[in-house]
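Let me begin by presenting the structure, written as structure tokens, before commenting on it.
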Amino acid sequence: MHQTRCLVVRFACTLRDPDDCCGNCYTRDSTAILSLVDTLSQDMEPIDWTTFHAWKTGRKAIPRDSFLLTFDDVLRKHTETVAPILETRGIKALFFVTTAPLVTGRLTSTHQFQTLLDLVETRQLEMAIGHWMDLNCPLDIWTEYERTYRDKDNHSHTENADYIRQWVLQMVPMEVRRRMIDDLFGVFLGSSRDHAQRTCLTMEDLADLQSRGHTVGSHGHLHESLSRMAPDQQRHDITRASRVLNETLGEALRPFSYPYGDFDESVTRICRDVGFAQGFTRREAWIRRGTDDFTLGRFEATSTERLAEKLLGCVSAV
């Protein structure tokens, strides 16, 4: 017998166009996002996070095949573009917010670097990273970069950008990375505060999203790989993220989306301790009522056609 299950879809926002802070096609193109929603709705029913959470805790039934839309790295244009698009179909989404920009008025290092990747030519950025590392970085770190990256001349532009992103955000020590990104951002793009003012959500924006029936969850405070932190650093980041949202929106049950989908047992335990209701990963998996609440899977919305074909094939096959 086919058990009730829910599909969770993950959208991510990028910063490709300096005049359009949400360069992701699902944010820019209302036709694309509505097409995906309409396609999924042919065989599934949309639900909001409140309903999803009530189902997971045994307090409510949902349709046999349901779907929930989630957005990581939420920016200002989500309130201006995405939410109104979804509302035309009566859909309430789950928006995950990184809270540091609300407090500091600056982009996080992660979002600074994503902006550099989106707005600066890849080879030019790679050369600037190399120059900075030569001047400032311990030799062994830069030697590893040269060994694993510079020999791969046949990579496409996208592959090169993906490798740079992975290497800088996952391999370079946090403090070295922050100094490098701050310096490079200033050289190429100017003030991080100016970009944050144009692109990041304000506390008023978050309150507006919530008042319209959408759910605001946490995407961490600094958007760092939590499993690479010491336990006390993990707790500080997760607790700070919770406190900012509670002070901004009022205390409530909220879900957590692990930055980069990265977590370990310590991270899930701290999320529970701090009071988050659930934790969402980037592992592709359907969710059933018995699925562990802190290892919930999501499917990437990288291609509306590919996603719809993959998922609807799964639905029709059962």
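Annotation: Leu184 fulfils all but one of (1) aliphatic (A, V, I, L, M); (2) modelled with pLDDT of 95 or more; (3) under 20 Å from Ala230 (Cα atoms); the unmet one is (3). A single entry from Ser266, Ser211, Ser218, Ser225 fulfils the requirement of being touching a strand residue (DSSP E or B) at 6+ places or on another chain (Cβ under 6 Å) and small (Gly, Ala, Ser): Ser218. If only residues of region 261-290 that are of a type in the set (S, T, N, Q) and under 21 Å from Phe52 (Cα atoms) are counted, the one that is surrounded by the most Cβ atoms within 10 Å (Cβ to Cβ) is Gln278. Under 18 Å from Thr108 (Cβ atoms) and assigned to a strand (DSSP E or B), is that true of Val244? The answer is no for Val244. Can you find a residue in region 78-94 that is in contact with an Asp or Glu (Cβ under 8 Å, 6 or more places away or on another chain), at pLDDT 95 or above and assigned to a strand (DSSP E or B)? Yes, some residue in region 78-94 is in contact with an Asp or Glu (Cβ under 8 Å, 6 or more places away or on another chain), at pLDDT 95 or above and assigned to a strand (DSSP E or B). From Arg306, Arg269, which residue is basic (Lys, Arg), in a helix (DSSP H, G or I) and at pLDDT below 95? Within the list Arg306, Arg269, the selection yields Arg306.
Just one of the listed residues (Gln124, Gln114) is free of Cβ contacts under 8 Å to residues at least 60 places away in the same chain and more than 20 Å from Arg212 (Cα to Cα), and it is Gln124.
Selection within region 225-234: residues that are in a helix (DSSP H, G or I) and buried (at least 18 other Cβ atoms within 10 Å of the Cβ). The member of this set that is nearest to the chain's Cα centre (by Cα) is Leu226.
If you go through region 1-20 and pick out every residue that is within 27 Å of Gly279 (Cα to Cα), modelled with pLDDT under 90 and not aliphatic (A, V, I, L, M), you end up with 5. One residue stands out in region 290-303 among those that are out of contact with any Ser or Thr (no Cβ under 7 Å at 6 or more places or on another chain) and modelled with pLDDT of 65 or more: the one that is farthest from Ala12 (Cα to Cα), namely Gly290. If you go through region 207-217 one residue at a time, do you hit one that is acidic (Asp, Glu), within 23 Å of Leu253 (Cβ to Cβ) and touching a Leu at 6+ places or on another chain (Cβ under 9 Å)? No, the conditions are met nowhere in region 207-217. Residues that are closer than 25 Å to Thr110 by Cβ and either without any contact (Cβ under 8 Å) to a residue 24 or more places away in the chain or assigned to a helix (DSSP H, G or I) (or both) within region 35-77 comprise Trp49, Arg76, Lys77, listed in sequence order. State whether one or more residues within region 228-248 are closer than 20 Å to Thr51 by Cα, touching a residue at least 40 places away in the same chain (Cβ under 8 Å) and touching a helix residue (DSSP H, G or I) at 6+ places or on another chain (Cβ under 6 Å). Scanning region 228-248 turns up no residue that is closer than 20 Å to Thr51 by Cα, touching a residue at least 40 places away in the same chain (Cβ under 8 Å) and touching a helix residue (DSSP H, G or I) at 6+ places or on another chain (Cβ under 6 Å).
The values are calculated or read from the model by the stated rules, or taken from the named source; none is laboratory data. Keep in mind that this is a model prediction, so the values were computed, not measured. Backbone-built Cβ (ideal geometry, glycine too); neighbour counts: all protein chains shown.
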